[in-house]
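A.B. asks: First the structure, which I've put down as structure tokens, then a few questions once you've had a look.
The values are calculated or read from the model by the stated rules, or taken from the named source; none is laboratory data. In this text, all values refer to a predicted model and were calculated from it rather than measured experimentally. What goes into the accessible areas is simple: the full protein's heavy atoms, side chains included, and nothing from ligands, DNA or RNA. Shrake-Rupley method; radii C 1.70, N 1.55, O 1.52, S 1.80 Å.
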Amino acid sequence: MVNRTAAGRPPLTERRKAETRLEIAREAVRLFTTRGVAATSVEDIAAAAGISTRTFWRYATGKEDSVRPLLTAGIELLAGVLGAWRPGQDIAAVFDAAARRTVADVPTMVSLVRLSQTEPGLRAVWLRAHNDAELVFADAIARSLNRPAGDLDARVLAAMVNGALRAAVEHYAEGERADWADLTVVVEKALRTAMRGFPDG
């Protein structure tokens, strides 16, 4: 678990590590978009991010894996939303309130999701991020519904939410725009569709 300051923020060293991971991810996407994944090396990404190759390997297990922080930001946001949600609440309203407090690098993330549709290595990272997220979502939903950990209903509902999030982001990435406000509208619509299967209380 990440240590946090009295204000609830991660310590400076953790924030710097997170910023470094994001910078590596952004540069990787930029290079993948301009050069192609096959033509981009770990050394290229490290140089663009202003770090050594040795440092790169401390933050990622490969060039495709280095983009993961751009994908997990939205997943972490939704996990927090599911933890705050209570039966009977409009999930989209809870998501909207959380999204307004979030700054997201949407253009870069959208470019990455577009690439993931044609690049097998990036597709694997995208799907693995969602696979890992499903248990996190299930735990958050179980707490919100006052169910025990591992509850089957919570796991099924988590799968529905996870699928809705992935479908919404991929659908949005098919378009031309890359705006956080527009993306949240699409995600909220998908969440409302998924939440129709949730109990009211």
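A.B. asks: Tell me the Kirkwood radius of segment 9-136: reciprocal of the mean inverse pair distance over distinct alpha-carbon atoms, in Å.
C.D. replies: This gives a value of 15.7 Å.
A.B. asks: Considering only protein heavy atoms and a probe of 1.4 Å, how much of the accessible area of segment 74-201 is carbon and sulfur, as a whole percent?
C.D. replies: After summing per-atom areas, the C and S share lands at 53 percent.
A.B. asks: Let me ask something else about it. Expressed in nm to one decimal, what extension gain is obtained for the pair Ala167 and Thr118 from 0.36 nm per residue of sequence separation less their Cα-Cα distance?
C.D. replies: Taking 0.36 nm per residue and subtracting the Cα distance, the gain is 16.1 nm.
A.B. asks: Shifting gears a bit: What 222 nm value per residue comes from the helices of the chain, counting each DSSP H run with n ≥ 4 as -39,500 (n - 2.57) and dividing by all residues, nearest 500 deg cm²/dmol?
C.D. replies: Rounded to the nearest 500, it is -23000 deg cm²/dmol.
A.B. asks: Over the chain, give the accessible area per residue in Å² for a 1.4 Å probe, as an integer.
C.D. replies: Ligands and nucleic acids excluded, the figure is 54 Å² per residue.
A.B. asks: Which helices pass in the chain if a helix is a full DSSP H run, must span at least 30 angstrom along its long axis by Cα, and must have mean Kyte-Doolittle hydropathy not below -1.0?
C.D. replies: Qualifying helices, which must be both long enough and hydrophobic enough, are 12-35, 120-144, 152-173.
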